[in-house]
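Step one of this worksheet: look at the structure below.
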Amino acid sequence: MPARSTTRIRLLLPALALLAVPACTSPPTTANTAHEGPPDHVAAVCGHVEPGPATPPAGAVVVHPGVPNDLAVQTANHPPGTTFWLAPGRHVLGDDQYDQIQPRNDDVYLGAPGAVFDGRGVNRYAFAGSGSNVTISHLVVTGFNAPVNEGVVNHDSGDGWVIEHNSIEDNHGAGLMAGARQQVRANCLRTNGQYAMNAYQAGDHITGLVVEGNEITGNNTDHLEEQYRGCGCTGGIKFWAVDGADVRGNWVHDNQGTGLWADTGNNDFLIEGNVIEGNGGSAIIYETSYNAVIRNNTIRRNNWVDGRSFVDKGDTFPAATIYISESGGEPRVPARTDKIEITGNDLIDNWSGVTLWENADRFCNSAANTSTGYCTRLVRDAATCSQPAIAAPPLYGDCRWKTQRVDIHHNRFSLNPEVVGCTVLCGRMAVLSNYGTYPDWSPYRGEVIRQAITFHQGNQWHDNTYAGPWSFMAVDTNGVLDTLAWQAPPYQQDTGSTFTAGTGNR
């Protein structure tokens, strides 16, 4: 089966003069794991997954672990809408790497307590095919060997799947893929080689995705960033071209890389009530996407690994815990909101805070656009983004992914540098761009985008609470602003906010 090209080169970072910076102390080498224990308002699912029925439901087909490939044979021999009950024990497929289950429409797969579906490191995929409205529940799915950018459960991104009360763990690739109207609830999604979930559907936008009450932990065990430098292909969950997602009440922790990453063509996200902690990279990245609400999340001790790597390289770019990259509110793209609203979040001892970034050289039809072949939702044909049309409205504005209409308010930002193990560069907020240079026909060369993102695109911080040594960057990375300069003209940010020197950590 062909590999899925969901991953693109990591979002471009500015080519700026590097400044010498003091070294940080006591560098951690992996994501931080010093939790106070499981969070009290999201489920600690792993090790506590709800067990399935101890006896087969009425009318269910019993699948026996002692019969190799019994599940595939039973699936092929029964009509759509059949319920299969996997008896306790270890269930396996045949010995071909492409042996897999091809569910029919409305099929249901229930695991009894102790039912394990094991790929043995031989089979690539557990459940695949185009069947819709399939239910997978109460199973341990482990030992499958999906290639990079592919997934084990719902490999072909079938629509309407319900995946709940499973442990999907210790597989290569992604634990699962996603289709339209998919519901992913109360699963333990841990220690998979690449992602817990790769939400991508070939040739289409995924609509109506729900990810609720899962524990998402320890993923990217294959250390893919080390194998493919700059791939941007690791972490907890990657969302690609998802239109309408509710991500609620999950515990996303200790993944190597980003916790939640919405990358390219996403829209209408609600990221609410999650605990996101101890991830080596950003807690949340929202990239070349539109319209989102990020609210009431507890976000702590993220980005220590990636943030420190910037310092070690002498790079002063403000590596953020919530990173908004070429994304913003767009009223012309239908959604439940027409902005990106970041509110009510509690951010504690992360490597920096929120960075709003827009690459002046990244737009439709530019070779600097790392989402190759994609354009904004406002332009049908990327080729039209060329001279002379791109130099005038509407294409001048519509060919860019704009970081605009971002509203950051009523959040709590607290930082204790001793906890993070850093004395500089780890407590920053930023709104900035690079100096436009490429291509030579670009209408965005020079200071155009720097001025736009900082002063003219409706990006604002206000009514936040800060504790600790915070600093601020605007326009570019050449200067660091203190609180007074950040609040004063011409920036006039964080009106109504309060600042205290102490860490204020609970």
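Figures for the structure shown
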quantity	calculated
Shape category assigned to the stretch 288-425 from the gyration tensor of Cα positions, a/c cut at 1.5	oblate
Amide H partners (placed H, <5 Å) of Gln201, local residues excluded	Ile206
In Hz, Karplus ³J(HN,Hα) per residue of the stretch 86-99 (6.51, -1.76, 1.60; θ = phi - 60°; x = Gly, Pro)	8, 5, x, x, 9, 9, 9, 9, x, 9, 7, 4, 9, 4
Two-site label geometry, Leu484 and Asn69: point separation in nm, points 7 Å out along Cα→Cβ	7.8
Net charge dipole size for the stretch 384-506 [Lys, Arg +1 and Asp, Glu -1 on Cβ; Debye, nearest 20]	180
Within-15-Å neighbourhood charge of Thr217 [Cβ basis; K, R +1; D, E -1]	-2
Global form of the stretch 43-137, assessed from the alpha-carbon gyration tensor, a/c cut-off 1.5	rounded
Around Ser433: net Lys/Arg minus Asp/Glu count, Cβ-Cβ under 14 Å	0
Estimated D of the stretch 162-253 in µm² per second, where Rh is the Kirkwood radius over Cα pairs and Stokes-Einstein applies at 25 °C, 0.890 mPa s	188
Most to least packed among 282-289, 178-185 [average Cβ atoms within 10 Å]	282-289, 178-185
Rounded accessible area of Trp304 (nearest 10 Å², 1.4 Å probe)	20
Accessible surface of the stretch 163-206 [probe 1.4 Å, protein heavy atoms]: carbon and sulfur percent	40
DSSP-defined antiparallel bridges as percent of all bridges, the stretch 404-506, nearest 5	10
Average accessible surface area per residue within the chain, 1.4 Å rolling probe, Å²	35
Calculated diffusion of the stretch 226-289, Stokes-Einstein form, Kirkwood radius summed over Cα pairs, 37 °C and 0.692 mPa s, µm²/s	273
Cα gyration tensor shape of the stretch 299-343, rounded if a/c is under 1.5, else prolate or oblate by comparing a/b with b/c	prolate
Nearby aspartates and glutamates by direct alpha-carbon distance to Lys402 (threshold 17 angstrom, same-chain neighbours under 8 apart not counted)	Asp263, Asp268, Glu287, Glu326, Glu330, Asp338, Glu341, Glu358, Asp361, Glu447, Asp476
Rounded to whole Hz, the Karplus (6.51, -1.76, 1.60) HN-Hα couplings of the stretch 270-282, x for glycine and proline	10, 10, 9, x, 8, 10, 10, 8, x, 7, x, x, 4
Size of charge dipole - the chain - debye, nearest 20, with Cβ of Lys, Arg +1 and Asp, Glu -1, no other charges	580
Ellipticity estimate at 222 nm from DSSP helix runs (n ≥ 4, -39,500 (n - 2.57)) divided over the chain, nearest 500	-1500 deg cm²/dmol
Contact order normalised by residue count of the chain, Cα under 8 Å, 6+ apart, percent	11
From phi via Karplus (6.51, -1.76, 1.60), per-residue ³J(HN,Hα) for the stretch 405-418 in Hz, x at Gly/Pro	6, 9, 10, 10, 8, 6, 9, 10, 10, 10, 9, 10, x, 5
For the stretch 126-282, alpha-carbon Rg relative to the globular expectation (2.2 N^0.38 Å, N residues)	0.90
Protein accessible area in the stretch 390-441, 1.4 Å probe - carbon and sulfur %	57
Accessible area (Å², 1.4 Å probe, nearest 10) - Tyr438	110
Cα convex hull volume per residue for the chain (Å³)	136
Convex hull projection area averaged over all views, the stretch 428-506, Cα basis, nm²	6.0
Approximate spin-label separation Asp440-Arg336, in nm, with each point projected 7 Å along Cα-to-Cβ	4.9
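The values are calculated or read from the model by the stated rules, or taken from the named source; none is laboratory data. Just so it is clear, the structure is predicted and the values come from calculations on it, not from any experiment. Counting neighbours? That spans all protein chains shown, and the Cβs are built from the backbone with ideal geometry, glycine included. Note: areas computed on protein heavy atoms with side chains; ligands, DNA, RNA excluded. Shrake-Rupley method; radii C 1.70, N 1.55, O 1.52, S 1.80 Å.
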